Structure formats: C-alpha cells, structure tokens
1. Would you tally the residues in region 137-148 being outside any helix (DSSP H, G or I) and either of a type outside the set (D, E, K, R) or closer than 10 Å to Val162 by Cα (or both)?
2. Residues in region 10-26: is at least one within 16 Å of the chain's Cα centre (by Cα), β-branched (Val, Ile, Thr) and crowded, with 17+ Cβ neighbours inside 10 Å?
3. Take the residues of region 72-108 that are modelled with pLDDT under 85 and in a helix (DSSP H, G or I): which is surrounded by the fewest Cβ atoms within 10 Å (Cβ to Cβ)?
4. Which ones in region 4-42 are assigned to a loop (DSSP other than H, G, I, E, B) and not polar (S, T, N, Q)?
5. Quick one: Arg166 ticks every box in (1) modelled with pLDDT of 90 or more; (2) over 30 Å from Ser4 (Cα atoms) except a single one, so which number is it?
6. Would it be correct to say that Leu111 is at positive phi and either at pLDDT below 85 or assigned to a helix (DSSP H, G or I) (or both)?
7. For Arg134, are the conditions met, namely being charged (D, E, K, R), within 17 Å of the chain's Cα centre (by Cα), part of a helix (DSSP H, G or I) and modelled with pLDDT of 80 or more?
8. State which residue pairs qualify: first residue small (Gly, Ala, Ser) and inside region 53-82, second residue part of a helix (DSSP H, G or I) and at pLDDT below 80 in any location, beta carbons under 7 Å apart, and separation of 6 or more residues or different chains.
Amino acid sequence: MKKSAHILIIEPSSIIREGMASIISQKNPTYTFVKKASLKEALKKEGAATFNLIIVNPLVFNHSKNLWTRFSSYFKEVNVLGLISSFYDRDFYNGFTACVFVNDSEHTILLEIEKYLTLKLENNRTNENALSDREIDVLRLLAQGKSQKEIAEELFISIHTVVTHRKNISQKLGVKSTAALVIYAVANSIIDINDSLNNPL
C-alpha cells in the first residue's frame with residue numbers, strides 16, 4: 001500500500017502549479033495537495049505541521065531576505081524543494097533542501113520528490129514522542145513567561161495553534177503545570193536558568 005502525503009505547492013504560474021500536482025498524482029494518487037499562487041496565501045492560511053513536503057518557486061520571495069527568513073522559520077520542520085523556472089539568486093538556493101528545475105525530466109523531478117518525502121515520513125515515525133522544533137519554540141517562550149497571545153505574535157501562528165502545541169507538549173512530557181515545564185526547559189538547556197527568573201510561575 002502506498003503511503004499518503006500532504007504537499008504544499010507555491011507557484012505563481014497556474015499551468016506549472018497544476019502540472020506539477022498532476023505529475024506527482026500520477027505517481028501516487030494518495031498524495032494530497034494545497035496549491036497557492038503566492039507566499040502570502042501560504043503563510044496566512046496553512047499550518048506548517050500538516051505538510052510532508054513543500055515545493056516553492058523562489059520568485060515568490062521577490063529577492064527579499066526578510067520574506068525568506070519568515071518562510072524558513074515558519075516551515076522549518078518541513079523539507080523544501082525549490083522549483084526553479086528561471087535564473088535566481090544562488091543564496092536562496094542554499095536555503096532549500098534541494099532544487100528541481102522545470103525543464104528537468106519527469107523522472108528526475110519525481111525521484112527528488114520521493115527522496116525527500118520518504119525522509120520526512122521516516123522521521124515522523126521515529127520521532128513521534130520527541131518535541132518538534134515548533135513545540136520547542138513554544139516551550140521556550142512559555143518558560144520565559146510569555147502569554148499565549150505574545151507567543152502567537154512572535155511565531156506568526158494563531159492562539160489556537162499555541163494552545164494545541166501546549167497540549168501536545170504536556171502530553172509528550174507527561175507534565176501539566178507551567179512550573180514543571182520551566183524545570184524541564186532549564187534541565188534540557190532549552191532556556192537559560194536566568195531566563196526562567198522572569199517567569200513568576
């Protein structure tokens with residue numbers, strides 16, 4: 001039985017966007033897609049944790065390092081394939097997990113996609129009980145005494161998502177109180193003990 005995966009495609013051209021999804025679907029019909037024409041749409045509406053792979057045309061960053069930093073921070077737990085359709089700043093290429101080009105053969109593109117999807121799916125299975133990078137971010141800010149609203153604003157996520165991360169952290173660590181979370185964060189060097197002094201517990 002083929003594994004299912006959820007893939008985000010960010011590409012301004014509807015022809016390329018739909019064509020890429022079609023090629024991948026022919027290889028594995030169980031894959032599902034979210035297709036966006038712009039970075040703004042993707043950051044505004046989609047939850048980072050739901051994707052197994054992101055395919056993005058670097059043109060959507062409009063040569064902005066700030067946009068790239070925000071994007072890579074938001075989707076830092078997901079492998080990102082650059083979909084190159086024209087010459088672009090090589091500095092951006094270095095930030096991608098790998099790159100594919102629109103003039104590559106269908107076989108080459110599918111090999112790269114399967115390679116990084118497999119890595120992501122295997123990592124998900126082996127790290128089910130480990131805190132994700134985003135959960136560590138939330139834990140760090142919680143331990144520093146930040147409110148849910150402050151955490152949401154700092155991480156560009158909704159308050160509902162913060163609450164969900166908080167619940168998942170508690171379940172994985174087997175602790176419920178904020179004091180216990182602070183102790184865990186200090187003991188595991190997630191925060192410095194001086195940072196925790198700002199938290200009244």
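The values are calculated or read from the model by the stated rules, or taken from the named source; none is laboratory data. The structure displayed is predicted, hence computed values, not measured ones. Ideal geometry is used to build each Cβ from the backbone, glycine not excepted, and the neighbour counts take in all protein chains shown.
1. Restricting attention to region 137-148, the residues satisfying the condition of being outside any helix (DSSP H, G or I) are 144-147.
Right, trim to either of a type outside the set (D, E, K, R) or closer than 10 Å to Val162 by Cα (or both) and you get 144-145, 147.
Qualifying residue count for the region: 3.
2. To start, the set of residues in region 10-26 that are within 16 Å of the chain's Cα centre (by Cα) comprises 10.
Next cut, β-branched (Val, Ile, Thr) only: 10.
After this cut, where a residue has to be crowded, with 17+ Cβ neighbours inside 10 Å as well, the list is 10.
Yes, region 10-26 contains at least one residue that is within 16 Å of the chain's Cα centre (by Cα), β-branched (Val, Ile, Thr) and crowded, with 17+ Cβ neighbours inside 10 Å.
3. Arg90
4. Our first condition is that a residue be assigned to a loop (DSSP other than H, G, I, E, B); within region 4-42, this holds for 4-5, 11-13, 28-31, 37-38.
Ala5, Glu11, Pro12, Pro29, Tyr31, Ala37, listed by residue number.
5. It fails just one condition, (2).
6. Numbers: at positive phi: no; either at pLDDT below 85 or assigned to a helix (DSSP H, G or I) (or both): yes.
The answer is no for Leu111.
7. Working: charged (D, E, K, R): yes; within 17 Å of the chain's Cα centre (by Cα): yes; part of a helix (DSSP H, G or I): yes; modelled with pLDDT of 80 or more: yes.
Yes; evaluated as a whole, the condition is true for this residue.
8. Taking only residues 6 or more apart or on different chains, the pairs are Gly82/Tyr93.
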